[in-house]
Amino acid sequence: MQYSNQQSTRQESATEQLLAPSPAAQPTSGPLTREELQLAARNHSMPLEALHREVTPPGLHYVLAHFDIPDLDASPWHLRIGGAVERALELSMAALRRDPAITIPVTLECAGNGRSLLEPRPPSQPWVLEAVGTAHWTGVPLAYLLGKAGVLPDAVEVVFTGADAGVQGGVPQQYARSLPIREALRPDVVLAYKMNGADLPPQHGYPLRLVVPAWYGMASVKWLESIEVVKGPFAGFQQAVAYRYQGSADDAGSPVSRIRVRSLMVPPGVPDFFTRERFLPAGPVMLEGRAWSGEGAVTAVEVGIDGTWLPAHLDKPLGGYAWRRWSLPWVASTGGHVLACRATDITGATQPLEQNWNYQGMGNNVVQRVSVSVE
């Protein structure tokens, strides 16, 4: 059931209908639905205490699988590259591993991170704040393989199709996304077969995945099966219907792309099992966390202590597309406190203090708040 760009005409005609979801999918102020709980059980967020680590182990890194995780064998697997190119390519994993490789540290974040904090809540994967992680990705630069294939001058986009298949919005499909040619030819976009020095785990896209630094994770197609260079905009479901900033169901919206600036704090002290409220003794404590942005370098992080904002110290980042550690010493006094953190990037963008509501719950980079009790 390979989904190709030629099938996108059916998608275009269905877009208007699909933008109006069933009543069950309308934003709600009620409790989590059974469907949301099923998604939460299948997918995986990064525990916030893992922010202590500069590099996230694969088992702690966030995972979102739209459909079933494919059970793939790398031996017969081949990657197909075709479409608007001078020569089509079909490459085995052994051939890919002989090509020049790069390793790049990249922070990936799900576009729906923070969705469950929105009011009313858009029904989908109910992320809180932890849909993020940073890893070293090793593989072949996409630009190198597109150069071998020879992209034609009138090419517009590159479509990436994964082996994961299912039905969404009533449309049978394989997960597929596209990138504009200028993004696909960036030297840092990588077809990765290793994560933190080892073969990709099944949930992270084995045997091959795309990694697009600076973009939300939906662009980094997993279980990659084919790459097609096309001469017109791709109108597949995950491009034209899903992953859009919409004000309402009948709003065509605008596409989600680069990661909005965000910072997160390692919750200090120890947690209550059920509420996750934090407890710590009075005295000196080092507040710390990580900050990142897909629009460029993080230039400042402020830490809020009961509404008073203080500048944090920033460490040197692991790389241009990886998060940056921040820290601030605090002398905790007895009583209840509310801690917060907000980042600013090189464009001047700063995290908002209130929610960024939109119909699909995308890009909600609202400031994190942590309640603590000091004893």
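The values are calculated or read from the model by the stated rules, or taken from the named source; none is laboratory data. Since the structure is predicted, the reported quantities are computational estimates derived from the model, not experimental observations. Positions of Cβ are generated from backbone atoms using ideal geometry, with glycine treated the same way; all protein chains shown enter the neighbour counts.
Among the candidates VAL221, VAL229, the residue that is part of a loop (DSSP other than H, G, I, E, B), assigned by TED's automatic domain parsing to the domain that holds VAL158 and buried (at least 19 other Cβ atoms within 10 Å of the Cβ) is uniquely VAL221. The residue list PRO267, PRO271, PRO311, PRO284 contains one member that is closer than 20 Å to ARG53 by Cα and surrounded by fewer than 17 Cβ atoms within 10 Å (Cβ to Cβ), which is PRO271.
Residue-wise test of (1) crowded, with 16+ Cβ neighbours inside 10 Å; (2) in a strand (DSSP E or B); (3) in contact with a helix residue (DSSP H, G or I) (Cβ under 9 Å, 6 or more places away or on another chain).
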residue: TRP330; (1), (2), (3): yes, yes, no
residue: CYS341; (1), (2), (3): yes, yes, no
residue: THR344; (1), (2), (3): yes, yes, no
residue: LEU353; (1), (2), (3): no, no, no
residue: GLN360; (1), (2), (3): yes, no, yes
residue: ASN364; (1), (2), (3): yes, no, yes
residue: ARG369; (1), (2), (3): no, yes, no
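For the range 189-207, the condition holds for no residue, the condition being that it is buried (at least 18 other Cβ atoms within 10 Å of the Cβ) and among the acidic types (Asp, Glu).
Beta carbons closer than 9 Å, at least 6 apart along the sequence or on distinct chains, pair a first residue in the range 250-268 that is at positive phi with a second that is outside any loop (DSSP other than H, G, I, E, B) and not polar (S, T, N, Q) for GLY253/ARG244; GLY253/TYR245. Only one entry of TRP326, TRP309 meets the criterion of being assigned to a strand (DSSP E or B) and touching a residue at least 40 places away in the same chain (Cβ under 8 Å), and that entry is TRP326. In the set (1) in contact with a strand residue (DSSP E or B) (Cβ under 8 Å, 6 or more places away or on another chain); (2) closer than 30 Å to GLY169 by Cα; (3) assigned to a loop (DSSP other than H, G, I, E, B), GLN239 fails one condition alone, (3). Residue check: is ARG276 charged (D, E, K, R) and surrounded by 14 or more Cβ atoms within 10 Å (Cβ to Cβ)? So ARG276 fails the test. Within the range 42-63, residues that are outside the structural domain of CYS341 (by TED's automatic domain parsing) sit with their Cβ atoms under 6 Å from residues that are buried (at least 18 other Cβ atoms within 10 Å of the Cβ) and of a type in the set (Lys, Arg), at 6+ positions apart or across chains, in these pairs: LEU51/ARG290. Going through the range 263-285 one residue at a time, which ones are over 23 Å from ASP345 (Cα atoms) and part of a strand (DSSP E or B)? Within the range 263-285, VAL270, PRO271, ARG278, PHE279, LEU280, GLY283, PRO284, VAL285 qualify.
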